[in-house]
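Below you'll find the structure, written out as structure tokens, and then a few comments.
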Amino acid sequence: MPEPTNPPVIMGNVPGSYALGVFRDRHPILVRQVRDALPYPPDRLRALDRLLDEVVRDVMEPLPASAHDHDAWAEWGRGRFGGRWVDVPFLWGESYFYRKVLEATGYFGDGPWRGVDPFGPVKQAELHGTAVDDELAGLDRAATLAQEEQATGVLLGSLWGNRADLSHAITATGEGERVAELVVDDSALLWSLLGDRPAGKVCLVADNAGRELLPDLVLIDHLLERGLAAEVVLHVKPQPYFVSDATPADVAAALRRLTAAPGQAGKVGGRLWQAMGTGRLALRAHPFACAPLPYTDMPDDLRADFASASLTITKGDLNYRRLAGDRFWPPATPFAAVTAYFPGPVVALRTLKSDVLVGVGERTTAALDAAGRPWRTTGTHAMIQGRP
Ligand SMILES: O=P(O)(O)OC[C@@]1(O)O[C@H](CO)[C@@H](O)[C@@H]1O
């Protein structure tokens, strides 16, 4: 398949765009929420106030020279510091924003706030909420279904779990109703990639913790139990990112939540706990997971990991942006062409929360546009999109 010509990168400064709204509206709210979420001391509060001032004045400052990753960001951000936040690529600016939040809260510092997740309170509230009780109880009902329906159920559970994204929720106007008909449905391809060959390694590149990670774990259990995967590598973020992105601590918390639950949920939790102990389920938190770069730039060790998998499943909107490239692709551009660089079969499970879209025919986009309600950035629509 010929390589498509790269269209423009999505920048933060396009008037009226989704990206501009994230910089102008979401980021200041988020800094205020972080400031109020934990009892920070004066020096951390001052640092958070400086960050708020920086994003409101819209002048991007570099990391302090003492930051452990100062040099990497200085290189990635060459020519950008001192300029406006909105004038950088959307993906780059958002990544840097989350890095600056961690700097302000002292996450990497030498003081007592080292390693304290600034988004911990919202993640914990969600994980221990009653909505999760209901969703876990649903697993008992699902266990009575026929095998094929169970498979569809675990896949759709993981897919729609992506709506549980606490960064999107900050500026979303209510949880729009989900549209059951998928914009793209390559689920048959996904099952055939898993079932038509001896079980191998599956990489699942996770997105959000809590209400998304729990159904991801249920999917992983399904793959291991049904012999569709011999082993699973669960990729998470090495540090807090995009509010609710899953870290190793969040995986541990989700497994504890599962094992403490009654019925099927508890059984799933017990099996996965054991799988972690034997290495059939491995955790990986590669630094590249929080880099402001698309997957085309992935380092060799990560490439080798994906290359040795019989399937990589990526979760969520941000992973989709990094997989396809955060660009204004004409929606009909084939998914297989833009992901040809990826070192193995890949399937993306995503609810649509940003402008990146490929592999969707003109008729479909025209019909969705004609329906007269926003669909590309609201999280109401979803897709399962892959290539062998
Ligand atoms: O990766 P996720 O959790 O599905 O979505 C991340 C997200 O909330 O962040 C970006 C905007 O800030 C969008 O890509 C998307 O809405």
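Read-outs: derived from the displayed coordinates by stated rules, not from any lab. In this text the structure is predicted, and so the values were computed from the model without any measurement. Please note: Cβ atoms are built from the backbone with ideal geometry, for glycine as well, and neighbour counts cover all protein chains shown.
Things worth noting here:
- Across the chain, Cα pairs under 8 Å and at least six residues apart give a relative contact order of 20 percent.
- Full-extension gain in nm, Leu20 to Leu45, via 0.36 nm per residue minus C-alpha separation: 6.4 nm
- DSSP beta bridges in the chain [antiparallel fraction, %, rounded to 5]: 30 percent
- The chain - mean residue ellipticity at 222 nm from DSSP helices (-39,500 (n - 2.57) per run, n ≥ 4, rounded to 500): -13500 deg cm²/dmol
- Distance between the C-alpha centres of region 218-275 and region 179-212: 15 Å, rounded to the whole angstrom.
- Between the C-alpha center of region 62-101 and that of region 313-335 there is a gap of 23 Å.
- Among 149-160, 57-68, the order from most to least packed when residues are scored by Cβ within 10 Å on average: 149-160, 57-68
- Using θ = phi - 60° and Karplus 6.51 cos²θ - 1.76 cosθ + 1.60, couplings along region 34-44 (whole Hz; Gly, Pro as x): 4, 4, 8, 7, 9, x, 5, x, x, 5, 6
- Along region 15-20 the Karplus relation, 6.51 cos²θ - 1.76 cosθ + 1.60 evaluated at θ = phi - 60°, assigns HN-Hα couplings of x, x, 7, 4, 4, 4 Hz to successive residues, with x for each Gly and Pro.
- Set of aspartates and glutamates with alpha-carbon distance to Lys201 below 17 Å, sequence-local pairs under 8 removed: Asp216, Asp221, Glu225, Glu231, Asp301, Asp305
- Residue list for region 325-353, given a label point 7 angstrom along the Cα-to-Cβ vector of Asp196 and an amide N cut-off under 17 Å: 336, 344-348
- Bridging of Lys100 to lysines at a Cα separation below 29 Å is possible for Lys123, Lys237, Lys315, Lys353, once same-chain residues fewer than 8 apart are set aside.
- When the square roots of the Cα gyration tensor eigenvalues are ordered a ≥ b ≥ c, the ratio a/c for region 18-118 is 1.5 or more and a/b does not exceed b/c, which makes its shape oblate.
- Segment Ala146..Ala332, full-extension length gain: 63.4 nm, with 0.36 nm per residue of separation and the alpha-carbon distance subtracted.
- For the pair Tyr341 and Leu182 in one chain, pulling the backbone fully straight at 0.36 nm per residue adds 54.7 nm over the alpha carbon distance.
- Shown here for region 198-266: trypsin sites (Lys or Arg not before Pro) in loop regions (DSSP other than H, G, I, E, B) with at most 15 other Cβ atoms within 10 Å, namely Arg226.
- Sorting the segments 320-329, 128-137 by their mean number of nearby beta carbons within 10 angstrom, highest to lowest, gives 320-329, 128-137.
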